[in-house]
Structures are given as structure tokens and as C-alpha cells.
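Peer 1: The structure follows.
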Amino acid sequence: MEKNSKRLSRRTFIKGTAIGVGVGITGLNLKEVYALPAPQKWNKEVDVIIIGAGGAGFCAAIEACKAGAKTLILEKEPVTGGSSAICGGSLAFAPTSMQKEKGINDSPNLFYEDLLKIGKGRCVKELVRTYADESNACYEFLVSLGVKFQSVEMRPGLSVPRVHRTSAGDTLNILKNESTKLGAELLTRSPAKRLYANPQGRIIGVKAKIKNKDTSIKAKRAVILTTGGFAMNKDMLKEYSPLPLESIMAVSGLGTTGDGIKMAMEYGAAPSQMTLALSPITGVGIPMDVNTKTISQPNYAGAVIVNKEGKRFVNESVAYTDIALAGMSQTEALIFHIADEQVFNAYKASTYSRMDRPLKADTLEELASKAGIASAALVEEINKYNGHVAAGNDPDFGRKSLVGIAGKPTPIKTAPFYAYVTKPGLIATMGGIKVNTKTEVINVFDEAIPGLYAAGEVTGGMHGAGYHTGSGFGKALVFGRIAGKKAANEKPQR
């Protein structure tokens, strides 16, 4: 009797879970909260359906096709790539042949420990372990496809240089071409709306809008969610973030509106660290140039960070997420990076530099006037900073390096001078639905939801309360590959 009651409660849960979990949290309508049963007739049948054509989705498609699965990729936007296509192209892998060639002594264990340290011990250790152990295989996979890596670099919180730089756009094109070459069907402007389930709670298909028509597609093996996060969903940001992230500039993929999270939660998917990541913010923040809306990081080349009052407020060598977080409490959330000619040239020659457009002046006073910074305070602050550099000690904020533990700070004294005017921007969200190391989506009973997998930004748990540069793009590719393999190996359903 007890066993039957348990089965009944879980079957009831499949129908009603969104009432308790999803409504209010994800903006679901009460009329939408019940499980969607199979249609009388399917419009299309495939083995694996992948929702979202970004890095995770394409990697999943490649592996599913290689395993012999008939694969369909649904993308709601007119173009593919998602957030992966517009990220900085940083990939955290270890220990790679590129690292070894440069004499960098790294290992999966050191990578694992750094990820835990940066995540302040709040990561899901099993996910971190899997990522660290599988990352080099993913690197070799990308190299085999023709992806070119430009450099391997140090970042805050890392024990050794581990951030492999590549062109995100080129990488996504290579992955897209490989997936379609292997036989994956790609449909853009085709948003998934709901997941279908059978009476036992197994996910068996997707209801999508294709060519403006409701289309029911059967997934004989599994569905994989690679839909991205929710940086573009202001309602979800308000719900989950203790800070007003909905009010700052979001530069994530346009499709990151939490669709996959909502669809999974309708079937009882458990949330994972939706409110934890980035201690205490929900997303990855980074200083963005106010004019070009692009990432701006001249501080890692030696620039000094001040606020509108001309005062420093943060150690310039720490993670950009921490700088953005500190910047949110400054006047108008403005973050000014002050550089001289030497720092300007170093930044321009670095891989950090992109499209930012700084203000320029022959004196600090003139620069302050152009930027709207308190002039006397800025001059005093720069002079004090230069004294700290000369003494080799920064008693105010403890800056000892340019970035992480690498490089030495230099004085700001050689005209002309530059001011990079930035504000915190939101490039990703870190929380999502709960998955295990097989990328199976886990429900609130801590059980895998049959037939449902997820990878990339739609998932939570790996980052904890911090962000290792390159781990967002990296986890999408690593876990996307795992999801594709696992989904393709599911037993076909009738």
C-alpha cells in the first residue's frame, strides 16, 4: 500500500508540480501547468531532439549523430550560436598539449581544486570533477575539428595559465558545420514550447512552432535542453537575484529567456543554485564600455579603477565578476579605468582589448573633466597609487599583480592619459536546473527525469559562488558532448 501511495503521489506530481514549483517563479500560466500528453499523431519523429543551437547544442548533436541517432536541433532565433557565439572565446581546459608546449604544469586535480576554490566550496563537486577530468578530451576534440587556439593565459584565481583563447564565432561555425555534415537537421525560427510526457512521466517529445504552425515532434530516445540561461528575462532576474540585475545592461544571447528552465520545471526539475552564484548575485557581471556595449578590461593591463568621486574602491587584479559587483554600489554604477600611455599600449596589444573607446587627455585634470570625475580627488588618488607601486605595497586594496598572481603593477604617469568609462553588464546566469554527471535532469525527488538531458547555461551547480574564466563556454562544450552520447544511447521508445 505504501509503495502504491508513493507511485500515486509521484504520478500526481508530474501533473501538478508546476503549481508548487513553477508558477510565480517562472511566470507559468495556471492553464499551462499540467503535463502535456502525447498527441494522437506526431508530425515528425526523430531519435534525439536538441533544443538550442549554441555550443552545448552543437556538441550534443555531433556526438548523437556519431552514435547513429537521427538528430534534430531546434533554435528559436533566426541565427545560431546563442551566448556562445558572442562570448569572449575563453575555454578553461587542462592539462592540454598547448599548456605542455609552453611549460605550464597543470593537471585535472589542480584544475578541480581551483574551480572549487573560486566557487568558494559551494560547487557541486561531482560536476566539477567531471568537467576537470573531461576537459582535455574536449580540447583535443576541438583541435581535431580544426579549432585554432591563439594563446593560453592567466586569470584571477588560477594557479597556472589555463584559459585557452580562440574565436568564439569561428568555433561555433566549425561545430555547426560538423553537426550538419554528420546529418543533424537544424531548424531556426523554430521555438520549442512544451515537452510531451507519457503517463509514466518519461519525456517523449516536443511541441514546437515551425513555420508558424504548431508541430508535434517525437523523440524516440531523448530530448536535450541546451537553451541557455535567463539573462534576458527580467521577471526571472527579479525573482532570483538579491540585486537589481534586471536594471543593468544584459549582453547575453537574445534567446536566453529561461525557456528550458521553465519547460523542465513543469515536469518537476529541481532548481540548482538559482540564487547562489556569484556571491551574492545570480549572474556573471563584467565591466562593459558604456558606448560600445563591449567588455572592457584595461585593469588587467595595469589601469587603475576609480569611481565618479575619483576614489579607488576595489583591487584591480581580482576577478571581473568581483569588480562588477563592487561597481554596482558606486555612484551611477560607473566604473572608470584610468590608464597612461604605457598601460594603453599594453592593453591594446593584449587579448583583453576589444572595441572599447576610451576618453583621452594630456593631463589627469583634463581627463577628469571629460569623464565627469572629481578632478582633485583623481589626481590625489593616482599620486597615492603611484606611491604604492614604488613602495611595492598597496595598503588600500592589496593589489600585488596585474591579473590574478601574474604581472607587476606600473605607475600611471606618462601622458597622454585615458579613461575607459564602464558599467556592470550581465553576460550570463549561473543557476539553472539540476543535472547529474550524466547530464540527466534531476527532479525534486532527486531522481532522473526519464528521457530528459541538459547541458550548458540552462543547468546549475558547477560554478558555486564564483566564476572561473572560461568555464562557462567550457562546460557547455564538455557537458554537451556527454549529453549527446548519453541521449543517443537511450533505448528507443515506441
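Peer 1: Does the range 73-95 contain any residue that is closer than 24 Å to L158 by Cβ and over 20 Å from the mean Cα position of the chain (by Cα)?
Peer 2: Yes, the range 73-95 has at least one match.
Peer 1: Going by the conditions given, is L158 touching a strand residue (DSSP E or B) at 6+ places or on another chain (Cβ under 9 Å), of a type outside the set (D, E), crowded, with 20+ Cβ neighbours inside 10 Å and part of a loop (DSSP other than H, G, I, E, B)?
Peer 2: yes
Peer 1: When only residues in the range 94-116 that are among the charged types (D, E, K, R) and without any contact (Cβ under 8 Å) to a residue 60 or more places away in the chain count, which is surrounded by the fewest Cβ atoms within 10 Å (Cβ to Cβ)?
Peer 2: Going through the qualifying residues, I end up with E101.
Peer 1: From (1) modelled with pLDDT of 95 or more; (2) not assigned by TED's automatic domain parsing to the domain that holds K262, pick out the condition that doesn't hold for V478.
Peer 2: Unmet condition: (2).
Peer 1: Could you check V223 against (1) in a strand (DSSP E or B); (2) at pLDDT below 95 and say which number it fails?
Peer 2: Against the list (1) in a strand (DSSP E or B); (2) at pLDDT below 95, V223 comes up short only on (2).
Peer 1: Go through the residues of the range 70-93 one by one and say whether even a single one is buried (at least 16 other Cβ atoms within 10 Å of the Cβ), among the aliphatic types (A, V, I, L, M), modelled with pLDDT of 95 or more and not in a strand (DSSP E or B).
Peer 2: Checked against the condition, which is being buried (at least 16 other Cβ atoms within 10 Å of the Cβ), among the aliphatic types (A, V, I, L, M), modelled with pLDDT of 95 or more and not in a strand (DSSP E or B), the range 70-93 yields no hits at all.
Peer 1: I've got another one for you. Yes or no: the range 235-242 includes at least one residue that is touching a Lys or Arg at 6+ places or on another chain (Cβ under 8 Å), modelled with pLDDT of 85 or more and closer than 30 Å to G201 by Cα.
Peer 2: No, the range 235-242 contains no residue that is touching a Lys or Arg at 6+ places or on another chain (Cβ under 8 Å), modelled with pLDDT of 85 or more and closer than 30 Å to G201 by Cα.
Peer 1: Here is a follow-up. Give the number of residues within the range 332-368 that are modelled with pLDDT under 95, farther than 27 Å from V152 by Cα, among the β-branched types (V, I, T) and surrounded by fewer than 23 Cβ atoms within 10 Å (Cβ to Cβ).
Peer 2: Qualifying residue count, the range 332-368: 0.
Okay, residues lined up against (1) assigned by TED's automatic domain parsing to the domain that holds Q273; (2) in contact (Cβ under 8 Å) with a residue 12 or more places away in the chain; (3) in contact with an Asp or Glu (Cβ under 8 Å, 6 or more places away or on another chain):
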{"residue": "K125", "(1), (2), (3)": "yes, no, no"}
{"residue": "E134", "(1), (2), (3)": "yes, yes, no"}
{"residue": "L142", "(1), (2), (3)": "yes, yes, no"}
{"residue": "V160", "(1), (2), (3)": "yes, yes, yes"}
{"residue": "T171", "(1), (2), (3)": "yes, yes, no"}
{"residue": "K181", "(1), (2), (3)": "yes, no, no"}
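Peer 1: Separate question: Which of the residues belonging to the range 400-425 are under 25 Å from the mean Cα position of the chain (by Cα) and charged (D, E, K, R)?
Peer 2: K423
Peer 1: Mind listing just one residue for me: the one in the range 226-244 that is over 17 Å from the mean Cα position of the chain (by Cα) and part of a loop (DSSP other than H, G, I, E, B) and, of those, farthest from S272 (Cα to Cα)?
Peer 2: P244
Peer 1: In the range 407-442, what residues are small (G, A, S) and surrounded by 24 or more Cβ atoms within 10 Å (Cβ to Cβ)?
Peer 2: A419, G425, A428, G431, G432
Peer 1: For the range 113-133, how many residues meet the condition of being within 19 Å of S272 (Cβ to Cβ) and not in a loop (DSSP other than H, G, I, E, B)?
Peer 2: 11
Peer 1: Give the range 423-448 a look and list any residue that's of a type in the set (D, E, K, R) and within 21 Å of Y240 (Cα to Cα), or say none.
Peer 2: K434 - this is the single residue of the range 423-448 that is of a type in the set (D, E, K, R) and within 21 Å of Y240 (Cα to Cα).
Peer 1: Going residue by residue through the range 247-259, is there one that turns out to be modelled with pLDDT under 75 and assigned by TED's automatic domain parsing to the domain that holds G81?
Peer 2: Yes, the conditions are met somewhere in the range 247-259.
Peer 1: Could I ask something else about it? Given the criteria β-branched (V, I, T) and in a loop (DSSP other than H, G, I, E, B), does I338 qualify?
Peer 2: Considered against the rule, which asks whether it is β-branched (V, I, T) and in a loop (DSSP other than H, G, I, E, B), I338 comes out as no.
The values are calculated or read from the model by the stated rules, or taken from the named source; none is laboratory data. In this text, all values refer to a predicted model and were calculated from it rather than measured experimentally. Every residue, glycine as well, gets a Cβ built from its backbone with ideal geometry; the counts of neighbours run over all protein chains shown.
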